[in-house]
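Written below as structure tokens is the structure these notes are about.
Please treat every number below as a calculation from the coordinates, not as lab data. In this text, all values refer to a predicted model and were calculated from it rather than measured experimentally. As a convention, Cβ positions derive from the backbone with ideal geometry for all residues, glycine included, and neighbour counts pool all protein chains shown.
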Amino acid sequence: MDLSATTAAAKELVDNVERVITGKTRAVELATIALLAGQHLLVEDVPGVGKTMLGRAIALSIDGSFKRIQGTSDLLPADITGSTVFDQSTGSFSFVPGPIFANVVLFDEINRAAPKAQSALLQVMDEGVVSSDGDLYDVPKPFFVVATRNPVEHHGTFPLPEGALDRFGLSIEMGYPAHGVERRVIEAQLLAHPVDEVEPVMEPEELVAHQAAIRSVYIDGSVLDYIVSMVRATREHASVALGASPRASVSLTRAAQASAVLRGRDYVLPDDVQHTATAVLTHRVLLAVQSTDVKTLLDEITGSVPVPVESNPAR
């Protein structure tokens, strides 16, 4: 596929979602980058800032199926993946798919789900299949999980282990809107919600093709070294208890490729790495001391890594 077509589709997708998520261009762009890169998205923010609407708007924009899972302490793995049941009419067992079988799956308040339920989701995110009684069932393609987590709510929650967080390619925050933006949000919803008017800008099959095209984006060896050095630097800093994994290096590479295409290029620049690094690394880094926040420390770490002087896009 011509990458210019992917660029046009990506920009149209961003514009479409922004009709619902007003004044949050960076968050929408990073969500689009995660989608194009074939990565899953973690949204960490307080209630009521548009996390659910973001997932719905993306699903409507790609004309894909959408399912929502509410994280609760009594949620079972079968409530997510589905289960095999006995059909009395046929006298045989059959598999009944759970809500995980959708193009876009919103897992709301994932940290309220018990570890067993979280593990069931993470296995599907990793492998793209559901295992039930020895049989494997493929989830639809494209498959995009948007999980939300309230960072200030701790009562009745289960912390996501580091291995679980590592399965999410990018994490974002929506943040409260500015005064004027919040007023526009109210005005836009006086008669109906803007999400009800979202029209598809592509089909699921087209998105799969665009995701494949992203992987063909050229990335120079010097930029790959830059990515590896940046990720390795998170493991070597004295204030870090657990740095980013090699999976983070892959995620950062994919995100940088998608960022390049969104910006109209068929090659990756260090700017693309810098543009996506915080979203890729923040949820993967565990601090040894809480004297600073992760983002401030990441700014220090990433700023200390030498930037390639030349990134020749010549093949």
*Note the full-extension length gain between Val307 and Phe158 as 0.36 nm times their separation in residues minus their Cα-Cα distance, in nm to one decimal.*
49.8 nm
*Obtain the nm distance between the two label points defined at Ser119 and Ser245 by a simple spin-label model: each point lies 7 Å from its Cα along the Cα-to-C-beta direction.*
1.5 nm
*Charges only on Cβ, +1 for Lys and Arg, -1 for Asp and Glu: so what's the dipole of segment 242-314 about the Cα centre, in debye to the nearest 20?*
280 debye
*So for the pair Glu187, Thr22, with labels modelled 7 Å out along Cα→Cβ, what separation do we get in nm?*
0.7 nm
*Point-to-point label distance, Tyr176-Val289, nm (Cα→Cβ direction, 7 Å offset)*: 3.1 nm
*Give the distance, in whole Å, between the Cα centre of segment 5-28 and the Cα centre of segment 282-306.*
29 Å
*If you stretched the chain out fully between Val228 and Ser89, how much longer would it get, using 0.36 nm times the residue separation minus the C-alpha to C-alpha distance?*
44.3 nm
*If the limit is 24 Å between Cα atoms, which of Lys24/Lys116; Lys67/Lys116; Lys24/Lys141; Lys24/Lys295; Lys11/Lys295 go over it?*
Lys24/Lys116; Lys24/Lys141; Lys11/Lys295
*Semi-axes of segment 3-215's equivalent ellipsoid from the Cα gyration tensor, sqrt of 5 times each eigenvalue, largest first, rounded to whole Å?*
29, 22, 17
*For the chain, find the longest principal axis of its Cα atoms and tell me its angle to the long axis of helix 246-262, 0 to 90°, nearest 10.*
80 degrees
*Please give the calculated 222 nm ellipticity per residue for the chain, where each DSSP H segment of at least 4 residues contributes -39500 (n - 2.57) and the sum is spread over every residue; nearest 500 deg cm²/dmol?*
-13500 deg cm²/dmol
*Compute the whole-percent fraction of alpha carbon pairs in segment 174-251 spaced more than 14 Å apart.*
79 percent
*asked:* What is the distance in Å between the Cα centroid of segment 53-96 and that of segment 118-144?
replied: 11 Å
_Using a Förster radius of 30 Å, what is the FRET efficiency between Asp271 and Glu199 based on their Cβ-Cβ separation? Nearest 0.05, please._
0.40
_Angle in degrees between helix 3-18 and the longest Cα principal axis of the chain, rounded to the nearest 10_ = 70 degrees
_If N is the number of residues in segment 229-315, what value comes out of its Cα radius of gyration divided by 2.2 N^0.38 Å?_
1.13
*Just going by the charge dipole of the chain, with Lys and Arg at +1 and Asp and Glu at -1 on Cβ, which of Leu297, Leu3, Val20 is farthest out on the positive end?*
Leu297
*Note the angle between two axes, namely the Cα long axis of helix 115-127 and the longest principal axis of the Cα atoms of the chain, as a number of degrees from 0 to 90, rounded to the nearest 10.*
70 degrees
